[in-house]
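Take a look at the structure set out below.
The values are calculated or read from the model by the stated rules, or taken from the named source; none is laboratory data. From a predicted model like this one, the values you see are computed outputs, not experimental measurements. Cβ sites come from the backbone with ideal geometry, for glycine too, and all protein chains shown count toward neighbours.
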Amino acid sequence: MSNLLFDYHLHSRHSPDGSMEMDTILKRAQELGLAEICITDHIEVDNSFGDEWESNSEIVTALLADLNRMQEMSDGYVKKGVELAFPDNDPGTVEDMIKLINPKDFDYAIVSLHQYNGESTFSENYFDERDLATGAANYIRWINDRIRIFPLEYFDSVGHIDFTVKGPHGYDDPTLSLSFFEEELRELFRYLIDNGKTIEVNTSAYRALPGNKVHGLDWLTLFAQMGGEYVTIGSDAHQEKHIGYRLDDALNLIREAGIPYVASFNERVAKMHKLR
Ligand SMILES: [Zn+2]
Ligand SMILES: [Zn+2]
């Protein structure tokens, strides 16, 4: 089988919660024999989680300069990505995001949500009055609400739909089941598939599960049944040890779910790689 280990979610020091040099990421990815990588630093227009999270044009310029340098140096092995946070509209707005970046500067763009109606899913209080299922369903409901005002040309995939398992929920086994949020996921998948977009399979959530567990076979099967033909995969690594993390497990899951392709991107155009 050809190498399908595409790590399409990686953070360098250009992210407020990252510290890796892009050169370190490249070196490690090549050591691991990954097929190709896409560095996807955070761009946010909201400062509700701290001023360091609010991007400005100097930050975007520095990020693009480093991405261009890496892409050239690696002969295109490094793709230029970005993880755009859904603006929560108070104080950041979609208009602020549109002013800040040109989506054509990137090969691939993830849009992702890290909060629910202004509340961080990482806050100690998020799960106070919510169980795991409600927390996960609310999160997808908020994505469904925000995504309709986010311009289609600004993203290719929706990041980490199982993000809530990474928060302080207090469950020893926070495995998510489709039954927790089927209605919400159906609405999201319909919107994405109808508009030529996809989801990513983000392996960082597996680290929150006990043992060597994975989850998502049920919702990926639903995605395939609804006509979803491809996904992207990524480790969401902020540290060297997590680069390429369990991408093979993600590929097995995707194959088992009946999704025929994993995608890589070049200048925002998807390239399909058949899973066998
Ligand atoms: Zn994220
Ligand atoms: Zn990320």
Residue ID - surrounded by the fewest Cβ atoms within 10 Å (Cβ to Cβ), chosen from residues in the range 34-64 that are of a type in the set (Gly, Ala, Ser) and within 16 Å of ligand 1 (Cβ to nearest atom): GLY50
Residue among GLU44, GLU95 that is under 17 Å from the mean Cα position of the chain (by Cα), at pLDDT below 95, more than 24 Å from ASN266 (Cβ to Cβ) and of a type in the set (Asp, Glu): GLU44
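Restrict the check to the range 132-149 and report whether at least one residue is in a loop (DSSP other than H, G, I, E, B) and closer than 17 Å to GLU184 by Cβ.
Within the range 132-149, one or more residues are in a loop (DSSP other than H, G, I, E, B) and closer than 17 Å to GLU184 by Cβ.
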Scope the range 217-238; condition within 16 Å of ligand 1 (Cβ to nearest atom) and part of a loop (DSSP other than H, G, I, E, B); matching residues: SER235, ASP236, HIS238
Flag if PHE189 is part of a helix (DSSP H, G or I), under 18 Å from the mean Cα position of the chain (by Cα), surrounded by 14 or more Cβ atoms within 10 Å (Cβ to Cβ) and in contact (Cβ under 8 Å) with a residue 12 or more places away in the chain: yes
In the range 80-106, the residues that are within 16 Å of ligand 2 (Cβ to nearest atom) and touching a residue at least 60 places away in the same chain (Cβ under 8 Å): GLY81, GLU83, LEU84, PHE86, PHE106
Count - residues of the range 152-170 that are modelled with pLDDT under 95 and either surrounded by fewer than 20 Cβ atoms within 10 Å (Cβ to Cβ) or not in a helix (DSSP H, G or I) (or both): 5
